[in-house]
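Structure, as structure tokens:
The values are calculated or read from the model by the stated rules, or taken from the named source; none is laboratory data. These figures come from a predicted structure and were not determined experimentally. Every residue, glycine among them, receives a Cβ derived from its backbone with ideal geometry; neighbour counts consider all protein chains shown. Just the protein is used for accessible areas: all its heavy atoms, side chains included, with ligands, DNA and RNA removed. Shrake-Rupley method; radii C 1.70, N 1.55, O 1.52, S 1.80 Å.
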Amino acid sequence: MAAGKEEDTKVHSHEADKETKGVNLDRILIEEIGEIGPYQLRILALSAIVVIFAAWGASEYVFTTTRISTRCLIHECEDQESAVFRPSWILDAVPESGSSFDNCRRFASINETVLGYNVCPADLFDRENIVDCDEFVYENTDSVVYDYGLACDEWRRTLIGSIRTIGTLTALPITGYISDHWGRRVALTLNAFNTAWMGSLRYFAGTYIGFLISEVAEATFGSAGFSCCYILLMELMGPRYRVAAGATMNTFFSVGQITMGFIAWGVPNWQYLTLTLYIPQLLTLSYFWIMSESVRWYMSKGRFEEAEKVLKDVARVNKKTLSEKSLQGLRENALDEKKRKAAEEAEKKKEPWLIVLVFRHKAILTRLAVSPVWWITNTFIYYGMSINSVNLSGNRYLNYAAVSAAEIPGYWTAVFLMGKIGRKPVLAGAFWVCAACQIGYIFMPEGLYGASLTLFLIGKYSIAMVMTSVYVYTAELYPTKYRHSLFAFSSMMGRIGSVVAPLTPAFAEAVWINFPFALFGGFALLSGMLVLITPETLGSKLPDTMEEASMIGVKKNNTVA
């Protein structure tokens, strides 16, 4: 009898061990504390505020460095103090350009006679000889173009956006190091607060070089706030809601861009706009106390008591019950995972370098060759269209807000369609629709403002679909063991597109007015074609090894891609 009881006890103990061995955070989220609830929604709301602020920081240079209409100062007829931007005699001294006058050139002077300011006859000028301006009259003083004398210097003006984007390249590794060593919350608070105070200091930038340094410093030490929020949210959201949560984060980034357009409309002067955007962001210092740390980060550092405290808070706020057995199982599973990773790292040292493994698997090599092209195209068109929207006909602020708003349905359309028709059709189709819009925009007759804007909005809607689907699809093409490294390579290469995008207005001035849209269309067309040589991943198990990744799509097709 006693032996029977002892045997039953062993069986129950064995079953309990099996139950606790299978416990991980995803299981606790699904079965006990809730995949989404009031606690996660609170984190989402706090993250949304930072994401909106991040969007302001990422896009403010579009308005603070915006092009200002200029003309030559005509010394024969005016001086700088008394100059009016559109005097009645302007076409006597300056050549026509479209429906207006040339911003950067004038007719050469026949003599230096100075006349009254309301008189400037055409016979003072040699209309066969057109020369560059030596001094300018500005339509307004709202942009740094006026303060730093950048009239007709499109390369130096647009370089500001590119230099800022280069700063974002260094932001991710710096933030990644801080996040892994001191926590997601510390990294988030530092990025958000650095954005606030460094952005506010730009008000005092007195020179072009000082302004450049301010932009790149803020981007380097503050532009990774979005990624910090994204990780914090993903690590506490249930598996079923992660894709939707990611699209929600992108949506709030677009909301930030929309509000940016309206704020810039209300506060057009760049210095006052800078203070309006950045001073409220000083409040983000409070996030160190009001935002919870990532449970997964606590567990990775062996700080199980703090991880359990957060989980108990989640259960309490979500009005759920969290069992002690699950907490014990989570702790044991985390320790086992840590040992497994240590063993993997030791084994990894014996393996060939990753680049050697890639070359041994032609399918992976093909994907590694084409996926960076998707990313470069994605960032180049996404940022390029936003930047060029302020140069469209009509109200620049409304144009920018409308183009930003067009992204939101694009994100959610991609989320819906990827699960219905697959990753490849969505990604390739979005690229090609975008390409068609760029080509259509180039050949659109002048004067059709509504039709041109519609094509532009559809193009931005399409590239927003690409933005969402390329993240999911690229991650699914690579094996778990090397996914982060291979994904990061494509993402890093994509930064090339975002660095070049701010220069596209200068390309338009130097080459052809529609040259940026020809580039957008060509890259989108090429990228859509390159999608066709990779396999569909919908319904496929995420691969763990190079061999498994190489076999994706083989059963459906005769060729491996």
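Restricting to segment 120-131, name every residue that is touching a strand residue (DSSP E or B) at 6+ places or on another chain (Cβ under 7 Å) and part of a helix (DSSP H, G or I).
124
Quick check on segment 137-185: of everything there that is of a type in the set (D, E, K, R) and in a helix (DSSP H, G or I), which residue is nearest to the chain's Cα centre (by Cα)?
164
Within segment 467-482, identify whether any single residue is surrounded by fewer than 17 Cβ atoms within 10 Å (Cβ to Cβ) and over 23 Å from residue 407 (Cα atoms), and answer yes or no.
Yes, the conditions are met somewhere in segment 467-482.
Just to check your reading of the model, which residue among 134, 92 is in contact (Cβ under 8 Å) with a residue 24 or more places away in the chain, part of a helix (DSSP H, G or I) and among the acidic types (Asp, Glu)? Spell out the reasoning first.
Details: 134 fails: part of a helix (DSSP H, G or I).
Being in contact (Cβ under 8 Å) with a residue 24 or more places away in the chain, part of a helix (DSSP H, G or I) and among the acidic types (Asp, Glu) holds for just one of 134, 92, which is 92.
What single numbered condition from (1) crowded, with 19+ Cβ neighbours inside 10 Å; (2) among the hydrophobic types (A, V, I, L, M, F, W, C); (3) not in a helix (DSSP H, G or I) fails to hold for residue 392?
Among (1) crowded, with 19+ Cβ neighbours inside 10 Å; (2) among the hydrophobic types (A, V, I, L, M, F, W, C); (3) not in a helix (DSSP H, G or I), residue 392 violates only (1).
Could you list, in sequence order, all residues of segment 307-335 that are out of contact with any Lys or Arg (no Cβ under 9 Å at 6 or more places or on another chain), of a type in the set (Asp, Glu) and open to solvent by less than 70 Å² (accessible area, probe 1.4 Å)?
313
Looking at 466, 433, which one is within 18 Å of residue 408 (Cβ to Cβ) and free of Cβ contacts under 8 Å to residues at least 40 places away in the same chain?
On the way: 466 fails: free of Cβ contacts under 8 Å to residues at least 40 places away in the same chain.
Criteria check complete, one pass: 433.
Restricting to helices (runs of 4 or more DSSP H) lying wholly in segment 263-307: which have 3 or more residues that are polar (S, T, N, Q)?
Filter on segment 263-307 gives 270-278.
What's the number of the condition residue 458 fails, among (1) open to solvent by less than 40 Å² (accessible area, probe 1.4 Å); (2) within 25 Å of residue 408 (Cβ to Cβ); (3) touching a residue at least 40 places away in the same chain (Cβ under 8 Å); (4) over 16 Å from the mean Cα position of the chain (by Cα)?
(1)
Open to solvent by less than 40 Å² (accessible area, probe 1.4 Å) and modelled with pLDDT under 95: is that true of residue 524 in this structure?
When the stated conditions are applied, residue 524 does not pass them.
Residue check, residue 135 against (1) under 30 Å from residue 232 (Cβ atoms); (2) in contact with a Cys (Cβ under 8 Å, 6 or more places away or on another chain); (3) open to solvent by 50 Å² or more (accessible area, probe 1.4 Å), all met but one. Which one?
(1)
Tell me, please, whether a residue that is over 15 Å from residue 435 (Cβ atoms), open to solvent by 10 Å² or more (accessible area, probe 1.4 Å) and within 21 Å of the chain's Cα centre (by Cα) can be found in segment 504-520.
No - not one qualifying residue is present in segment 504-520.
Just for segment 194-245: of the residues that are in contact with a Phe, Trp or Tyr (Cβ under 6 Å, 6 or more places away or on another chain), open to solvent by 10 Å² or more (accessible area, probe 1.4 Å) and of a type outside the set (Ser, Thr, Tyr), which one is modelled with the highest pLDDT? Full working, then the answer.
Initially, segment 194-245 is screened for residues in contact with a Phe, Trp or Tyr (Cβ under 6 Å, 6 or more places away or on another chain), giving 194, 196, 199-200, 205, 208.
Next, from what is left, pick out any that are open to solvent by 10 Å² or more (accessible area, probe 1.4 Å): 194, 200, 205, 208.
Keeping just the survivors that are of a type outside the set (Ser, Thr, Tyr) gives 194, 205.
On the way: 194: 95, 205: 92.
Checked segment 194-245; the qualifying residue modelled with the highest pLDDT is 194.
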